[in-house]
Amino acid sequence: MNRIAPDALGPTVTIGEILVEIMATSRGDGFLAPTTLAGPYPSGAPAIFIDQCARIGGSAGIVACVGDDDFGKLNVERLRRDGADVSAISVSPDYPTGSAFVRYREDGSRDFVYNIAKSAAALVSLTDEAKALFARAGHLHMMGTAFSIPSLWDVLEHALAVIKGRGGTISVDPNLRKELLNQGQTRARFARMLDAADLVLPSGDELETATGLGDEAAAVAALLARGVDEVVIKRGRMGSSLFAAGGARVDRPAFLVEEVDPTGAGDCFGGAYIACRRLGMPAEAALDYANAAGARNVTRQGPMEGAGTRAELEAFIATTPRVLS
């Protein structure tokens, strides 16, 4: 059932925003008064994903841009320390590293103040270093958040052609706001991503965003019918499910943990799952590691502070109770 390109072909590569996250330590509504803050924490969905991919033992790299500042250095050093290839992270002398200020409301929802569009995060381009990383890559992971950066499409198109051309595979996390689909060429480009995908990893209403269908079975069938080999649904506290071409299905339960910060759980799940599949694990084992990666990450404050190594995740799996169905 495993049609994902093996890790030996070359690293898993993703493209997109690198940010710092700065979090209010108390709950409340927004940032309309002085409040105590914690951070900065390394962040950005692609960065969280690739960090977990590298920490679990997969070869991994990212194409991104940071500012020539402490926030940029913090992110690059974290990724380098955790084993990711940072050779294609550009450094802008003129724009700051992207940022996100976050405060949780009493109901668990969040308020954000972003600086992405006017930061180095929006300056991702097809550099010589990016071309070199794509030329040796074995898998491309594309994220819906990329559509918030207009310049990214040319980079994605180049990466898609090169990696597919050398026998690599493609995964898509459709974490895209519905409102973006109606802007410019976004809908057509998003469809292009799905048509190229070997693996799609939606969560929540992202399955409907990807297909336009509210029924899970119909939406999964639609993705498989367009050539996707695996659809992996991230269900949070309800675990995860794999639907494969040919009709196979695998369901795995979640782990019972006390949630501290849910940011980054889905990205850690994706990084672990793809790395495990590329390292040759069967679907059931990969889902267990992915569930563990997402669950472990929510027990720490900060978007990637709970990303685990393979040994750490094995210990977590062995000692953490699972959610009973």
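The values are calculated or read from the model by the stated rules, or taken from the named source; none is laboratory data. Just so it is clear, the structure is predicted and the values come from calculations on it, not from any experiment. Using ideal geometry, Cβ is built from the backbone for each residue, glycine included, and neighbour counts are taken over all protein chains shown. Areas reflect the complete protein model, heavy atoms only, side chains present, ligands, DNA and RNA absent. Shrake-Rupley method; radii C 1.70, N 1.55, O 1.52, S 1.80 Å.
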Inset, instruction - Run the 1.4 Å probe and let me know the accessible area of R27, rounded to the nearest 10 Å². - result: 120
Legend entry - Formal net charge of residues neighbouring A272 (Cβ-Cβ distance under 14 Å; K, R +1; D, E -1): -2
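Round to a whole number: what % of the accessible area of region 1-67 belongs to carbon and sulfur, probe 1.4 Å? Provide the component values of the computation, followed by the final result.
On the way: 1160 of 2130 Å².
Taking all protein chains in place, region 1-67 shows 55 percent carbon and sulfur surface.
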Inset, instruction - Please give every one of the aspartates and glutamates within straight-line cross-link reach of K131, meaning a C-alpha to C-alpha distance under 15 Å, and leave out same-chain neighbours fewer than 8 residues apart. - result: D85, D154, E157
Inset, instruction - Using the charge dipole of the chain (Lys, Arg: +1 at Cβ; Asp, Glu: -1 at Cβ; taken about the Cα centre), state which of A122, L279, L74 has its Cα farthest towards the positive end. - result: L279
Legend entry - Probe 1.4 Å, accessible area per residue of the chain, Å²: 41
Legend entry - For T169, residues with placed amide H under 5 Å, excluding near neighbours: A5, H139, L140
Inset, instruction - Work out the charge dipole of the chain with +1 on the Cβ of Lys and Arg and -1 on the Cβ of Asp and Glu about the Cα centre, then indicate which of Y95, A245, L152 is farthest towards its positive end. - result: A245
Inset, instruction - Please compute the net charge surrounding S171, taking Lys and Arg as +1 and Asp and Glu as -1 over other residues with Cβ under 15 Å from its Cβ. - result: -1
Inset, instruction - Would you mind putting 296-302, 18-24, 32-38 in packing order, based on average other-beta-carbon counts within 10 Å, highest first? - result: 18-24, 296-302, 32-38
Legend entry - Accessible surface ranking that places the most exposed of K73, K118 first, with a 1.4 angstrom probe: K118, K73
Inset, instruction - Find the centroid of the Cα atoms in region 39-83 and in region 93-172, then give the distance between the two in whole Å. - result: 12
Inset, instruction - Tell me, rounded to the nearest percent, the portion of alpha carbon pairs in region 120-163 spaced more than 16 Å apart. - result: 33
Inset, instruction - Quick one: grab the alpha carbon gyration tensor of region 138-241, order the square roots of its eigenvalues as a ≥ b ≥ c, and give me rounded if a/c is under 1.5, else prolate or oblate depending on whether a/b is larger than b/c. - result: oblate
Inset, instruction - Counting only C-alpha contacts under 8 Å and six or more residues apart, can you give the relative contact order of the chain as a whole percent? - result: 19
Inset, instruction - Between beta-carbons, use under 13 Å as the cut-off and find the net charge around M238, counting Lys and Arg +1, Asp and Glu -1. - result: +3
Legend entry - Sum of -39500 (n - 2.57) over DSSP H runs of 4+, divided by residues of the chain (222 nm, nearest 500): -10500 deg cm²/dmol
Inset, instruction - Report, to the nearest whole %, how much of the accessible area of region 238-289 belongs to carbon and sulfur atoms, 1.4 Å probe, protein only. - result: 54
Inset, instruction - Excluding residues on the same chain fewer than 8 positions from K118, give the aspartates and glutamates whose Cα lies under 18 Å from its Cα. - result: E17, E21, D68, D69, D70, D94
Inset, instruction - Please work out how much accessible surface S87 shows to a 1.4 Å probe, ignoring ligands, DNA and RNA, in Å² rounded to 10. - result: 60
Inset, instruction - Taking H placed 1.01 Å from N in the peptide plane, check which residues at least 5 places from R110 or on another chain put their amide H under 5 Å from its amide H. - result: R105
Inset, instruction - Kindly work out what percent of the DSSP beta bridges joining two residues of the chain are antiparallel, to the nearest 5. - result: 45
